[in-house]
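Colleague: So that we are looking at the same thing, I have put the structure below in structure tokens.
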Amino acid sequence: MRAPGVVAVAFVATLLPAGCVPSRSSLFDPIARSVQDRVGVRPEWRSGWSRSPAVESRIRELLAKPLAADAAAVIAVLNSPEIQSAYAELGVVAASVASARTVSNPQLSAELRLPLDSGGEQQLELAAVQSVSDLLAILPRVRAADANL
């Protein structure tokens with residue numbers, strides 16, 4: 001019986017996490033810090049149309065006073081559908097990065113050979129076939145997706 005080679009197992013183990021999507025916080029936190037440094041307010045990346053109670057309260061607080069340029073900038077950051085659209089696009093691009101890092105599924109096969117006589121040994125043969133061109137294309141795809149991100 002043949003056992004899978006150490007190299008093959010190591011190769012598969014390195015590819016397992018390759019298709020992971022960057023987390024939402026790893027994408028958004030640098031943007032949020034930059035906006036907070038520039039405007040003085042931490043933006044939020046909403047999943048839907050509704051704002052968090054803290055953001056609603058902050059906007060009401062700013063609108064209760066005469067509107068100054070700084071307050072208008074804060075309201076624009078917290079309330080802008082265009083900014084929320086940009087955050088959503090960031091999520092789509094992050095998914096394309098994960099897609100670029102994945103390879104097609106290998107073709108797996110197994111064959112069990114039974115002996116014709118009672119004294120012979122059973123043989124089990126396992127095979128995994130992966131497209132070499134798919135493996136060679138990973139690096140250019142990942143570079144392009146990372147550049148887009």
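Colleague: Of all residues in segment 109-149, which are β-branched (V, I, T) and assigned to a strand (DSSP E or B)? Walk me through it before giving the result.
Modeller: Taking segment 109-149 and keeping what is β-branched (V, I, T), we get 129, 132, 138, 142.
If the condition is that a residue be β-branched (V, I, T) and assigned to a strand (DSSP E or B), then V129 is the only one that fits.
Colleague: What are the residues in segment 100-130 that are surrounded by 13 or more Cβ atoms within 10 Å (Cβ to Cβ) and hydroxyl-bearing (S, T, Y), if any?
Modeller: Of everything in segment 100-130, just one residue is surrounded by 13 or more Cβ atoms within 10 Å (Cβ to Cβ) and hydroxyl-bearing (S, T, Y), namely T102.
Residues are listed down the side, and each one gets a yes or a no for (1) over 27 Å from the mean Cα position of the chain (by Cα); (2) of a type in the set (S, T, N, Q):
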| residue | (1), (2) |
| --- | --- |
| S50 | no, yes |
| E89 | no, no |
| V92 | no, no |
| S96 | no, yes |
| S109 | yes, yes |
| P115 | yes, no |
| S118 | yes, yes |
| L126 | yes, no |
| S131 | no, yes |
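Every number here is computed from the coordinates shown, using simple stated rules; none is lab data. As the structure is a prediction and not an experimental result, all values here were calculated from the model. So basically every Cβ, Gly included, is an ideal-geometry build from the backbone, and we count neighbours across all protein chains shown.
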